[in-house]
Amino acid sequence: MEFLGYLRPDGRVGIRNHVFILPASVCAADVSRIAASQVQGAVTFHNQNGCSQVKADQQLTMDVMAGYAANPNVYGTVIVSLGCENCQMDLVEAAVRERTSKPLQKVIIQEAGGTIKAVEQVVRLAQEMVRQAGLLQRQPCPLSRLIVGTECGGSDPTSGLAANPLVGQLSDLLVDEGAASILSETTEFIGAEHILAKRAANREIHDRLFDIIHRYEKSLQLVGEEVRAGNPSPGNKAGGITTLEEKSLGCIHKGGHRPIMAVYDYAKQIETTGLVVMDTPGNDPSSVAGMIAGGAQVVVFTTGRGTPTGNPIAPVIKITGNKLTYAKMEDNIDFDASPAIYESGSMPRLTQELLVELIEIANGKLSKAEALGMVETAIARVCNYV
């Protein structure tokens, strides 16, 4: 099986051909937004971090920024910094260069002479990159070149009964083709960790699964909180999910049935094929950001209640097992998995149909989140601002 992708200098394959305007901090976010709005083919995101962060917290932000720039859906990057933030231009540039050799330009607002002059410089640089990116043609590539993130948000019982098992079947198919599939949301392994751990390829991976879960719980306990105080969410409960354990048992279905080959920290580059786990929050935009920073070209996202979540770098495909949600939120939902509940024996057919949808979107078809311009992004944090 094949898709049509863009070959990058580092050997990876993109399914989009963006020019990325990267704000190094919140103080550069508006300049980046204004510039991106003037260049067709450019994307950006509102970076709320990049300054006033302790070292461990700043590293998460740096990993997402560098990972976004290195994502194979990006042709090249224009970094924009204010000039005095913690994430200094040289640090961000070095982090990006460590991950990729793709085209890179930079603008420092304080050196450019303010917003208007900085925007003008960024626009000129981005326009030239877009022109060069336009010379690339899609080429046939095997499914083994894909890294696919999996996410669930606004879950209800149909997520665990239909949508998540369907994504698990897709995950198995992709893994068997040599691709990588990412299972995320550490907080939603709690109560089901013993089931996941049995699927670890070795003892080291088994122990790492427990380690990331215990680390997450302890980080909340240090400030006097418990994960169960915020998870399940009010919407999960309204939909019929009663406990975190119940939610977790549904969540892990997205990982299918194949062995877990690696466990990655948040936003680190995925270098292993097969099923892997990434340590991300349960918060949807920040979890999706971590996987895309890790190299995922596309994310399949299940939702029982419905959600508009997207991302500026990679398409996010929405799947629901709730036929009422599909009817109410068809503007946002790409795929109706509810026949898995109502039609006996429909799962193999649905799996093939979802694979076709994935390949079509890899080939250039816009997901509904892309078509609507949904680009909200959040980045995981260790602690409060300093």
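The values are calculated or read from the model by the stated rules, or taken from the named source; none is laboratory data. Keep in mind it's a predicted model, so treat the numbers as computed, not measured. Don't worry about glycine lacking a Cβ; one is built from the backbone with ideal geometry, like all the others, and counts go over all protein chains shown.
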Test: residue in segment 354-363 that is closer than 23 Å to R138 by Cβ, free of Cβ contacts under 8 Å to residues at least 40 places away in the same chain, touching a helix residue (DSSP H, G or I) at 6+ places or on another chain (Cβ under 9 Å) and surrounded by fewer than 17 Cβ atoms within 10 Å (Cβ to Cβ): no
Single residue of segment 170-190 satisfying the filter (under 17 Å from the mean Cα position of the chain (by Cα) and part of a loop (DSSP other than H, G, I, E, B)) that is surrounded by the fewest Cβ atoms within 10 Å (Cβ to Cβ): A179
Subset of segment 69-89 that is more than 20 Å from E128 (Cβ to Cβ) and within 19 Å of the chain's Cα centre (by Cα) - its residue that is surrounded by the fewest Cβ atoms within 10 Å (Cβ to Cβ): A70
Within segment 5-26, tally of residues that are touching a residue at least 12 places away in the same chain (Cβ under 8 Å) and assigned to a loop (DSSP other than H, G, I, E, B): 9
Count - residues of segment 27-59 that are surrounded by fewer than 21 Cβ atoms within 10 Å (Cβ to Cβ), in contact (Cβ under 8 Å) with a residue 40 or more places away in the chain and within 30 Å of S219 (Cα to Cα): 7
Of all residues making up segment 62-95, the number that are charged (D, E, K, R) and within 20 Å of D10 (Cα to Cα): 2
Test for T150: is it touching a Lys or Arg at 6+ places or on another chain (Cβ under 6 Å), surrounded by 16 or more Cβ atoms within 10 Å (Cβ to Cβ) and in contact (Cβ under 8 Å) with a residue 12 or more places away in the chain: yes
Meets criteria (modelled with pLDDT of 95 or more and outside any helix (DSSP H, G or I)) for L135: yes
Any pair with Cβ under 6 angstrom, 6 or more apart, that starts in segment 368-386 at a residue that is farther than 11 Å from V316 by Cβ and in contact (Cβ under 8 Å) with a residue 12 or more places away in the chain and ends at one that is surrounded by fewer than 19 Cβ atoms within 10 Å (Cβ to Cβ) and of a type in the set (G, A, S): V382/A56; Y385/S52; V386/S52
